[in-house]
Amino acid sequence: MAQQADEGRDRGRDETPEERADRRWGDLLQELRVAQTGVQILFGFLLTVVFQSRFTDLSETDRDIYTATVLLGAATMGALIGPVSFHRLVTGQRLKPQTVEWASRLTVLGLVLLLCTMASALLLILRVVLDDSLALWLVVGMVVWFSLCWFVLPAWTRATNPTDKRRE
């Protein structure tokens, strides 16, 4: 009897591919809500910077960093809102598993772009406040931190706890 219970646990969830896609889609939407809120606040802040009186005092390098930051923020928004558009345009076509896969890829791309946006925004802000070389080192440290939290730890967890696709 205990062996049967262990076998049931090894199989993971007992769900159809459609049920799994529905569950994964719901999970992804929850994750996107968190990421989108932060990106929208950051992007809104970035859009207001250009209208501040001190903006004209920025060096050409800082203006270039600002431009790159705004473009990265816009690209991040596109990637993180993309799954919603994707879902809407293929709804009713019986493509939920494929939709979830593409939406997941767009979300990971959005996280990479968010990392770049955060690094660029931090560089701009810290260059205004601190010495350029110190600002750069602090940004590098934060990029390492974000990378550890967002990518390395999940990858390490996945590598040290292998599962098959059925258990997702």
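The values are calculated or read from the model by the stated rules, or taken from the named source; none is laboratory data. In this text the structure is predicted, and so the values were computed from the model without any measurement. Here Cβ is always computed from backbone atoms with ideal geometry, including for glycine, and neighbour counts include all displayed protein chains. Accessible surface areas use protein heavy atoms only, side chains included; no ligands, DNA or RNA. Shrake-Rupley method; radii C 1.70, N 1.55, O 1.52, S 1.80 Å.
Of (1) closer than 18 Å to Trp150 by Cα; (2) open to solvent by 70 Å² or more (accessible area, probe 1.4 Å), Thr56 satisfies all except one. Which?
(1)
Kindly provide the set of residues from the stretch 129-160 that are open to solvent by 80 Å² or more (accessible area, probe 1.4 Å) and charged (D, E, K, R), ordered by number.
Selection gives Asp131, Arg158.
I'm checking my understanding of the structure. Among residues of the stretch 78-98 that are closer than 16 Å to Gln30 by Cα and in contact with a Phe, Trp or Tyr (Cβ under 8 Å, 6 or more places away or on another chain), which one is most open to solvent (accessible area, probe 1.4 Å)?
The extreme case among them is His87.
When the residues of the stretch 99-127 are narrowed to those that are open to solvent by 70 Å² or more (accessible area, probe 1.4 Å) and touching a helix residue (DSSP H, G or I) at 6+ places or on another chain (Cβ under 8 Å), which ends up nearest to Met142 (Cα to Cα)? It would help to see each step written out before you state the result.
Filtering the stretch 99-127 down to residues open to solvent by 70 Å² or more (accessible area, probe 1.4 Å) leaves 102, 105, 108-109, 125.
Now drop any that are not touching a helix residue (DSSP H, G or I) at 6+ places or on another chain (Cβ under 8 Å), which leaves 102, 109.
Details: Trp102: 29, Leu109: 19 Å.
That would be Leu109.
I'd like the full set of residues that are open to solvent by 80 Å² or more (accessible area, probe 1.4 Å), more than 14 Å from Val108 (Cα to Cα) and free of Cβ contacts under 8 Å to residues at least 24 places away in the same chain, limited to the stretch 34-46.
Step one: of the stretch 34-46, the residues open to solvent by 80 Å² or more (accessible area, probe 1.4 Å) are 34, 40-41, 45.
Applying the additional criterion that residues be more than 14 Å from Val108 (Cα to Cα) yields 40-41, 45.
Those that are open to solvent by 80 Å² or more (accessible area, probe 1.4 Å), more than 14 Å from Val108 (Cα to Cα) and free of Cβ contacts under 8 Å to residues at least 24 places away in the same chain: Ile41, Phe45.
Identify the single condition in (1) closer than 26 Å to Arg13 by Cα; (2) touching a Leu at 6+ places or on another chain (Cβ under 6 Å) that Pro154 does not satisfy, given that it satisfies every other one.
(2)
Considering only residues that are out of contact with any Leu (no Cβ under 7 Å at 6 or more places or on another chain) and either open to solvent by less than 80 Å² (accessible area, probe 1.4 Å) or under 30 Å from Glu101 (Cβ atoms) (or both), which ones fall in the stretch 59-70? Before the answer, list the steps.
Step one: filter the stretch 59-70 for residues out of contact with any Leu (no Cβ under 7 Å at 6 or more places or on another chain), giving 59-61, 63-64, 67-68.
Matches in the stretch 59-70: Ser59, Thr61, Thr67, Ala68.
Is it the case that some residue within the stretch 16-33 is not aromatic (Phe, Trp, Tyr) and not in a helix (DSSP H, G or I)?
Within the stretch 16-33, the first condition is being not aromatic (Phe, Trp, Tyr), and the residues that meet it are 16-24, 26-33.
The next check asks that each one be not in a helix (DSSP H, G or I); those that pass are 16.
Among the residues of the stretch 16-33, at least one is not aromatic (Phe, Trp, Tyr) and not in a helix (DSSP H, G or I), which makes the answer yes.
May I ask you to say which residue of Val108, Val50, Val143 is hydrophobic (A, V, I, L, M, F, W, C) and in contact (Cβ under 8 Å) with a residue 24 or more places away in the chain?
Working: Val108 fails: in contact (Cβ under 8 Å) with a residue 24 or more places away in the chain; Val50 fails: in contact (Cβ under 8 Å) with a residue 24 or more places away in the chain.
When all the criteria are applied, what remains is Val143.
Condition (residue is in a helix (DSSP H, G or I) and within 16 Å of the chain's Cα centre (by Cα)) applied to the stretch 131-141: is it met by at least one residue? Talk me through it step by step, then tell me what you get.
Just the residues of the stretch 131-141 that are in a helix (DSSP H, G or I), to begin with: 132-141.
Next, from what is left, pick out any that are within 16 Å of the chain's Cα centre (by Cα): none.
For the stretch 131-141, residues in a helix (DSSP H, G or I) and within 16 Å of the chain's Cα centre (by Cα): absent.
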